[in-house]
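To keep things clear, I will list the structure first and then write my remarks on it.
The values are calculated or read from the model by the stated rules, or taken from the named source; none is laboratory data. Just so it is clear, the structure is predicted and the values come from calculations on it, not from any experiment. Cβ atoms come from the backbone with ideal geometry, glycine included; neighbour counts cover every protein chain shown. Note: areas computed on protein heavy atoms with side chains; ligands, DNA, RNA excluded. Shrake-Rupley method; radii C 1.70, N 1.55, O 1.52, S 1.80 Å.
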Amino acid sequence: VQLQASGGGLVQPGGSLRLSCAASGRTFSNYVMAWFRQAPGKEREFVAVINWSGGSTRYAGSVKGRFTISRDNARNTVYLEMNSLKPEDTAVYYCAVDPLWRSTYYYVSAYSYWGQGTLVTVSS
């Protein structure tokens with residue numbers, strides 16, 4: 001599976017961005033999709049996950065109510081809509097996939113394939 005993340009950039013606090021992650025190489029609809037992020041000097045952390053059909057999602061507490069994960073299986077793409085952005089959301093955002101929905105979905109080790117990351121900078 002190859003993953004290509006895009007949509008990052010510079011945004012002011014309170015602004016919005018939508019990230020996209022396009023997948024190729026396997027049947028996209030068979031995969032659980034997730035977003036993680038890594039801020040400078042920090043470990044990679046879970047942001048959101050969505051199941052195969054899009055009917056089940058989970059979010060990190062720090063983004064719940066502000067971020068929305070969704071997917072379009074016809075386009076082999078997963079999205080992360082980010083609203084009310086804060087400076088602490090600044091990070092490289094990575095998409096990741098795995099065939100299984102695991103109880104440890106918030107662990108980096110739960111995912112088999114990773115994209116290259118897209119940088120989000122929230123600053124005035």
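Structure notes:
- Condition check for Val11: of a type outside the set (Asp, Glu) and either within 25 Å of Ser123 (Cα to Cα) or more than 15 Å from the chain's Cα centre (by Cα) (or both): yes
- Within the stretch 17-43, the only residue that satisfies the criterion of being in a strand (DSSP E or B), closer than 16 Å to Ser109 by Cβ and open to solvent by 50 Å² or more (accessible area, probe 1.4 Å) is Gln38.
- Condition check for Leu100: open to solvent by 10 Å² or more (accessible area, probe 1.4 Å), closer than 21 Å to Ala23 by Cα, touching a residue at least 12 places away in the same chain (Cβ under 8 Å) and of a type in the set (A, V, I, L, M, F, W, C): yes
- Test for Ala60: is it among the aliphatic types (A, V, I, L, M) and within 12 Å of the chain's Cα centre (by Cα): yes
- Selection from the stretch 47-91 of residues that are outside any loop (DSSP other than H, G, I, E, B), open to solvent by 40 Å² or more (accessible area, probe 1.4 Å) and farther than 17 Å from Val32 by Cβ: Lys64, Glu81, Pro87, Glu88
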